[in-house]
Amino acid sequence: MARKHNKGGWRDDDEDEASAAPPPVPCWLCGRPCGETLVWHHPVPKSRGGRETVPMHPICQNTLIANFTNSELQRAGMDASQLLANPTIRKFVDWVANKDPDFNASIAKKGR
């Protein structure tokens, strides 16, 4: 819907919304831009005293939860590179790199 601007002229609200949209936030694990669905993940689990949160894709968070225990996540802390050193996580990140930001799939069950 077009509205008259105070300084004269007409503007289209849709154009202003698109240009005012902030840039997408990168995922903490894979580095891809996050889509519409965004999860705020605690790298150090709350049960282990974690307070900080990082933005992640739901599929990335589910992969971490399926492959690591809370103790392992606590040891890695805020350092995503320690998690990426795990061959399973590295393979997942390489696989998901070319997917759409809102891509989601089922994750294999915990291998504990």
Query raised in the report: Out of all the residues in the stretch 2-24, is one or more modelled with pLDDT under 90 and surrounded by 15 or more Cβ atoms within 10 Å (Cβ to Cβ)?
Result: no
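With Leu29, Leu38 as the choices, which residue is among the aliphatic types (A, V, I, L, M), in contact with a Cys (Cβ under 7 Å, 6 or more places away or on another chain) and surrounded by 14 or more Cβ atoms within 10 Å (Cβ to Cβ)? Give the derivation first.
Numbers: Leu38 fails: in contact with a Cys (Cβ under 7 Å, 6 or more places away or on another chain).
Being among the aliphatic types (A, V, I, L, M), in contact with a Cys (Cβ under 7 Å, 6 or more places away or on another chain) and surrounded by 14 or more Cβ atoms within 10 Å (Cβ to Cβ) holds for just one of Leu29, Leu38, which is Leu29.
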**Report entry** Selection within the stretch 41-66 - part of a helix (DSSP H, G or I) and surrounded by fewer than 17 Cβ atoms within 10 Å (Cβ to Cβ)
**Finding:** Lys46, Ser47, Arg48, Ile65, Ala66
Requested in this report: Show the residue pairs that are 6+ apart or on different chains and have beta-carbon atoms under 6 Å apart, the first residue being within the stretch 25-40 and among the small types (Gly, Ala, Ser), the second being assigned to a loop (DSSP other than H, G, I, E, B).
Outcome: Gly35/Pro101; Gly35/Asp102
Report task. Consider Ala97 carefully, then state whether it is surrounded by fewer than 14 Cβ atoms within 10 Å (Cβ to Cβ) and of a type in the set (Gly, Ala, Ser). Result -> yes
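How many residues are more than 16 Å from the chain's Cα centre (by Cα) and in a helix (DSSP H, G or I) when one looks only at the stretch 67-89? First the steps, then the outcome.
Step one: filter the stretch 67-89 for residues more than 16 Å from the chain's Cα centre (by Cα), giving 67-77, 82, 85-88.
Restricting the remaining residues to those that are in a helix (DSSP H, G or I) gives 67, 70-76, 82, 87-88.
The total comes to 11.
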**Report entry** So Gln74, is it surrounded by 16 or more Cβ atoms within 10 Å (Cβ to Cβ) and over 15 Å from Cys30 (Cβ atoms)
**Finding:** yes
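The values are calculated or read from the model by the stated rules, or taken from the named source; none is laboratory data. What you see is a predicted model, and the numbers here were worked out from it, not measured in a lab. Methodologically, a virtual Cβ is constructed for each residue, glycine included, from the backbone with ideal geometry; neighbour enumeration extends over all protein chains shown.
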